[in-house]
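K.L.:
I have a structure here, written as structure tokens, and I will follow up with some questions on it.
A short reminder: the numbers here are calculations on the coordinates, not readings from a lab. Values in this document were obtained by computation on a predicted structure and should not be read as measured data. Cβ atoms come from the backbone with ideal geometry, glycine included; neighbour counts cover every protein chain shown.
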Amino acid sequence: MPRPQPHIVLDFDSYAVRLQADDEYLPLGHHWFVQNPYRRAVRAWYEAVPERHPQLPPAEQYQRSLEYILLQLEHCSASLVPCLFHPDPSKSGQIHTHPLHDATTTAQDLSNPIVVLHLTIDDIHLLRGVPIVAPFPIPVHVYIGDPLVSTTPMNAYSPDKLTIPPLLEPGDPLFCTRTKRVMVLGAYLHSTQDDALYGLTVGHAVESDPYFVPHRKLPAHAGQRHTRGSRHALQSSGTALSSPAPSVVESAVRAFDDENATREQLSQARDDAFAARQRARTAQEDTEIGVLRAALTRPHDLDVGHACAAEAIIRPCEDPDLHAHAHTHTHLLSWTLLRIARPQADNALVLHAYPGALARGAPVALHVRDPHRERPLGPHRDAVVNGAPASVVHRGFVAREWAVFPAAARRGLRVAARGDAGALVLDDAERPRALALLYALPQRGPYALVTPLSTVLRRVRDVTGLQLRFQGRWWRDNYS
């Protein structure tokens, strides 16, 4: 008869006492630490773990144990991934998370990177009193937040310095008026049968359910609505996507009028030189705002195209190599195909027509442009594919997903920002290949979750019958 495994319970009493403290990490005991939710600025350094790191196998074993525990928690939503953590020797709060921390360990030893489990969970109190398998010597860093941030609500998008792009380029923001969400146009797609032009982004662009819906082949759970294959994928057909949305343009115009009125009041109370500078600035902005006012007279001209099909589902794993998966799991799939209303732009000529394959440890780049200058990041963000998949516990299912981490060695760096859902992931070759589509990221995590484009395009073909590629008819199969 096998001996029962020892269990531990996390110390939430100590966590509650220290919650108002200024510490960056609050201990729960047994190598568990919670990032202080009152410290919004996360200045920790996480990066991808190499596939052959000696501490990765025990970390993945511990990850599987925690998966099972999180699955037993009702209404739990979490993401968990092994990664490397670089403690900052100047910050005692980070050094205390090191498993070798004691009075005899040198600062140099404590500053070496260690493998940790990065856990993002929406409600940490779900773990209160839950017995957890006696921990491995692998620290667990817990962050409180949404583990699956996808698109951005339109009312959270800043209308400051809004512009009307003459051409919609891959990586530019897209707006859906029906769902009131903002995402990124990943890429243009060309049909191999005709000259039709399509666009690709994430399914939450037009999906009315804000979460991933279980596939009909998965076991039913109380209160869950299941999809029915292609019929569900086609139900959002005809939804318009714009760049930008008329309501965002209206907000920008109102914000300009309010700012202009305030500026006139300040000009009257200041000297003549200040008033002259304000008038010059107002005249320059009047030209920009005139373009926005003109766009409001023709709101349909802002439409980019209309959705043909879309999905945001939890699907069963369909990998034929059953030996590759020791545990039953699922995958998350999120995509929207839109028919472009009129020619806008196209992909770069150097982009290969067909997608490549993701590989662990491979250097990649996220293609995100921001003509609205909401975030001064991009257009390319260097990243690395993690050496181990992330586990996502959602709606009673566990999914194994590809994760990408920032490549630059800098503290507090994130590979993606809110609103980057839909961005294309490219390899770093001189003539790049599209590899994956970014569909979600944890609210306070440094990494992003991506889906291989070969999976997305295969599903698009099954639903719509379209054979699509990234270049038009001019492209030759032997192009190199």
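K.L.:
Taking the Cα atoms of segment 174-219 alone, what are Rg (to one decimal) and Dmax (as a whole number) in Å?
P.N.:
Using the Cα atoms of segment 174-219, the pair Rg, Dmax is 14.0, 42 Å.
K.L.:
Further question on the same structure: Sort the following peptides by mean Cβ neighbour count (other Cβ atoms within 10 Å, averaged over residues), highest first: 118-125, 170-177. Present the calculation step by step, with values, prior to reporting the outcome.
P.N.:
Numbers: 118-125: 20.1, 170-177: 24.0.
Ranked from most to least packed, the peptides come out as 170-177, 118-125.
K.L.:
Given a Förster radius of 35 Å and the C-beta distance between residue 382 and residue 345 as r, what FRET efficiency does 1/(1 + (r/R0)^6) yield to the nearest 0.05?
P.N.:
Working: r = 24 Å, r/R0 = 0.68.
It comes to 0.90.
K.L.:
Based on the Cβ-Cβ distance from residue 112 to residue 300, what FRET efficiency comes out when R0 is 51 Å, to the nearest 0.05? Walk me through the intermediate numbers first.
P.N.:
Numbers: r = 59 Å, r/R0 = 1.15.
Taking R0 as 51 Å, the efficiency between residue 112 and residue 300 is 0.30.
K.L.:
How far apart, in nanometres, would the label points at residue 254 and residue 317 be if each is projected 7 angstrom from Cα along the Cα-to-Cβ direction?
P.N.:
Going by the 7 Å Cα→Cβ label model, 4.9 nm.
K.L.:
Within 11 Å, Cβ to Cβ, of residue 236, how many net charges do the neighbouring residues add up to if Lys/Arg are +1 and Asp/Glu are -1? Could the numbers behind the result be given before it?
P.N.:
On the way: positive: 178; negative: 207, 209, 311.
Net charge in that neighbourhood comes out at -2.
K.L.:
If you don't mind, there's one more thing I want to ask. Using a cut-off of 15 Å between beta-carbons, work out the net charge of the residues near residue 427 (Lys and Arg +1, Asp and Glu -1, residue 427 not included). Please list the in-between numbers first.
P.N.:
Working: positive: 360, 381, 431, 433; negative: 382, 428, 430.
Summing Lys/Arg as +1 and Asp/Glu as -1 gives +1.
K.L.:
Going by average Cβ density within 10 Å per residue, which order do the peptides 386-394, 234-242, 250-258 take, highest to lowest? Please list the in-between numbers first.
P.N.:
Numbers: 386-394: 23.6, 234-242: 19.6, 250-258: 15.4.
Descending packing order for the listed peptides: 386-394, 234-242, 250-258.
K.L.:
For an R0 of 51 angstrom, estimate the FRET efficiency from the Cβ-Cβ distance between residue 454 and residue 158 and round to the nearest 0.05. Write out the running numbers ahead of the final one.
P.N.:
On the way: r = 35 Å, r/R0 = 0.69.
The computed FRET efficiency comes out at 0.90.
K.L.:
Summing +1 for each Lys or Arg and -1 for each Asp or Glu, what net charge is found among the other residues whose Cβ lies under 11 Å from the Cβ of residue 141?
P.N.:
Values: positive: 444; negative: 24.
Local net charge: 0.
K.L.:
Tell me the label-point distance for the pair residue 217, residue 123, using the 7 Å Cα-to-Cβ offset, in nm and rounded to one decimal.
P.N.:
3.2 nm
K.L.:
To continue, here is another question. Sequence-distant or interchain residues sharing an amide H contact under 5 Å with residue 185, placed H: which?
P.N.:
Amide H neighbours of residue 185: 171, 172, 174.
K.L.:
While we're looking at this one, here's another question. Report the gain in length on full extension from residue 357 to residue 247: 0.36 nm times residue separation, minus Cα-Cα distance, nm rounded to one decimal. Could the numbers behind the result be given before it?
P.N.:
Details: separation 110, 0.36 × 110 = 39.60 nm, distance 3.92 nm.
Between residue 357 and residue 247, full extension yields an extra 35.7 nm.
K.L.:
May I pose another question? So, in nm, how far is label residue 194 from label residue 167 when the simple model puts each one 7 Å beyond its Cα toward the Cβ?
P.N.:
Rounded to a tenth, the inter-label distance reads 2.4 nm.
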